[in-house]
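Enquirer: Submitted below is the structure of interest, expressed as structure tokens.
The values are calculated or read from the model by the stated rules, or taken from the named source; none is laboratory data. Everything quoted here is computed from the prediction, not taken from an experiment. Cβ sites come from the backbone with ideal geometry, for glycine too, and all protein chains shown count toward neighbours.
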Amino acid sequence: MRKPAPLRPGDLIGVLSPAAAVDEPSLRSGLRVLEQAGFRLRLAPAALKKSGYLAGTDRERLADLHAMFLDPAVQAIIASRGGYGAGRLLPLVDPAVIRAHAKVFVGHSDLTFLLNDFVHRAALVTFHGPMVAGLAQRPDAAAALVAMLSGDRLGWHQAAEVVIQPGTAEGVLVGGSLSVIAAMLGTPYALHTRERLLFLEDVNEKPYRIDRMLTQLRQAGALDGVAGVVFGEMAGCSAAENERVSVRDVVAEAFANAPYPVAYGLPSGHGHGTLTLPLGVRARLAGDRLTLLESPLAE
């Protein structure tokens, strides 16, 4: 795996919008957070463009992505927001460009498409973490992001809320948004899950929809041979008032006979989203504890 260099005060961070159009005031407020943390910033040309619900055309967003990786002055790239649209870039991305210019790449939600594609096709460690437009509203997440990208090892040990299936397992950490991972099934970009620790999270999905997506993963064989599974907060994934089933109930039933450890409630992604998780590095899941076994950054 290619590992990016750690960030230092004064480094240049590139900000781009690979998916949906972004609200400018929210983006500007997030940029100020990064400036106050000591970084210089560069907005991609299409970062504030709008093409329907997208941040510019596919070609414009792709050009921004390649240009940020090719620019030697840019040490890190953070997405402005998710939404929808990153998956449209997968057939267009040149993995050789990404592989040859290893640098920090951060996002979550719809960016799950690119995060895992870069791990698989470009052998680049990526970071499932907060995006720029939400940084001002999530100061703890912003601080944890900067700490992780700067090489602070305090974020290497994280605890989930509850153990669904006990046990201990090790593997390369992959994953992100459950709905995106389900959407990748049956495509050339489907997530490679065998012998890996699979992280799953989502937002505002009803329990029956979570059930449906987990059933789809299971029936597609994507849960066969995984080393272990750890769920995020599943923010806003609640049932209607007249229903008495929770997402935790759905997860407990789906993995009732799992021969590997399963934990629930790791705060990364939507919701509080405090934690930044590196993807493409080896980790250990022991009960409710997720521990990195190697640095995600070049040493």
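Enquirer: Can you give me the number of residues within segment 175-201 that are acidic (Asp, Glu) and at negative phi?
Expert: Residues in segment 175-201 being acidic (Asp, Glu) and at negative phi: 1 in total.
Enquirer: Any idea which of Pro278, Pro296 is touching a Pro at 6+ places or on another chain (Cβ under 7 Å) and assigned to a strand (DSSP E or B)?
Expert: On inspection, the qualifying residue turns out to be Pro278.
Enquirer: Still on this structure, please answer the following. State all residues of segment 74-94 that are surrounded by fewer than 22 Cβ atoms within 10 Å (Cβ to Cβ), among the small types (Gly, Ala, Ser) and closer than 24 Å to Leu149 by Cα; if no residue qualifies, say none.
Expert: Matches in segment 74-94: Gly83 only.
Enquirer: OK, next. Taking the condition of being touching a strand residue (DSSP E or B) at 6+ places or on another chain (Cβ under 8 Å) and not aliphatic (A, V, I, L, M), how many residues in segment 184-228 meet it?
Expert: Residues that pass the stated criteria total 9.
Enquirer: May I pose another question? On the given criteria, is Thr291 at pLDDT 95 or above and touching a Lys or Arg at 6+ places or on another chain (Cβ under 7 Å)?
Expert: Taking the combined requirement at face value, the residue satisfies it.
Enquirer: Regarding Ala239, is this residue in contact with a Lys or Arg (Cβ under 7 Å, 6 or more places away or on another chain), farther than 30 Å from Leu135 by Cβ and not assigned by TED's automatic domain parsing to the domain that holds Asp117? It would help to see each step written out before you state the result.
Expert: Working: in contact with a Lys or Arg (Cβ under 7 Å, 6 or more places away or on another chain): yes; farther than 30 Å from Leu135 by Cβ: yes; not assigned by TED's automatic domain parsing to the domain that holds Asp117: yes.
So Ala239 fits the description; yes.
Enquirer: Here's another thing I want to ask about it. With segment 136-233 as the region, which strands (runs of 3 or more DSSP E) entirely inside it contain at least 1 residues that are over 18 Å from the mean Cα position of the chain (by Cα) and of a type outside the set (Val, Ile, Thr)?
Expert: 162-165, 168-177
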